[in-house]
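Structure first, commentary second.
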Amino acid sequence: MASKNPRRNGGRRSKWAAAALIGIGLLVTGGGYAGATAAMAASDSSSTTSTLTVEDGKKLFQANCATCHGLNLEGTNDGPSLYGVGELSVEFQVATGRMPLQMQGPQAPQKPVQFTQEQIEAMAAWVQSEAPGPTYPESEVLDGEGDVSHGAEEVVRQVRPMRGHEVDGLHRA
Ligand code: HEC
């Protein structure tokens, strides 16, 4: 969007994306979602031309994630199955440094991001191809021209498939 190929400088971008996403954790969900869309708008995922393939993503996943999530996403005692989790969740978890997890805890801590944006997207694409789940928001959601008054509905629509029913409590007062 903003530039011709905004995903290329992955390392640097993911740092900023991570910074934006840290903020999200601290904000209420509605405001946080605005931050997320801003971070993602900057990297317009739908028109990515990555040099990495889905097959590369599979290899990266199997080398870095499969010990806990299984070679075929089936899960292990150390990590849940990723069936139906979707590429957006993979992108979020890895681009914020939560994954790969090093230590079990009540909530995966943020750490320095360990992969380039291209590597992250390749892994996400492989997970998506194996067991599809929620994907990146449409560009119309990211262009910043949405109607704020419909923001809460949009959050519920996008987030509910990932987080289960707890976002039902998000209805506006
Ligand atoms: C040491 C074990 C371990 C490793 C290595 C690991 N994970 Fe995880 N992962 C977990 C655990 C445990 C959870 C659930 C806990 C949580 O969400 O905080 C999880 C959660 C996730 C989720 C969220 C699942 C959901 O239902 O929303 C995604 C996506 C994910 N991991 C992707 C990855 C990717 C991609 C890698 C490799 C870059 C990776 N993980 C490496 C243990 C691990």
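Between Q110, Q104, the distinction of being of a type in the set (S, T, N, Q), within 13 Å of the ligand (Cβ to nearest atom), closer than 23 Å to L142 by Cβ and modelled with pLDDT of 50 or more belongs to Q110 only. Scoring L71 on the criteria (1) modelled with pLDDT under 95; (2) not in a helix (DSSP H, G or I) leaves a single failure, condition (1).
Within segment 100-154, being aliphatic (A, V, I, L, M) and closer than 14 Å to K59 by Cα holds for I120, A122, M123, A124, A125, V127. None of L82, L73 is surrounded by 13 or more Cβ atoms within 10 Å (Cβ to Cβ), at positive phi and touching a Leu at 6+ places or on another chain (Cβ under 7 Å) except L73. Kindly check whether there is at least one residue in segment 139-160 that is closer than 16 Å to V85 by Cα, among the basic types (K, R) and either out of contact with any strand residue (DSSP E or B) (no Cβ under 8 Å at 6 or more places or on another chain) or modelled with pLDDT of 70 or more (or both). Yes, segment 139-160 contains at least one residue that is closer than 16 Å to V85 by Cα, among the basic types (K, R) and either out of contact with any strand residue (DSSP E or B) (no Cβ under 8 Å at 6 or more places or on another chain) or modelled with pLDDT of 70 or more (or both).
Screening G133 against (1) assigned to a helix (DSSP H, G or I); (2) within 24 Å of E154 (Cβ to Cβ) leaves a single unmet condition, (1).
The values are calculated or read from the model by the stated rules, or taken from the named source; none is laboratory data. Everything numeric in this text was worked out from a predicted model, so none of it was measured. Every residue, glycine as well, gets a Cβ built from its backbone with ideal geometry; the counts of neighbours run over all protein chains shown.
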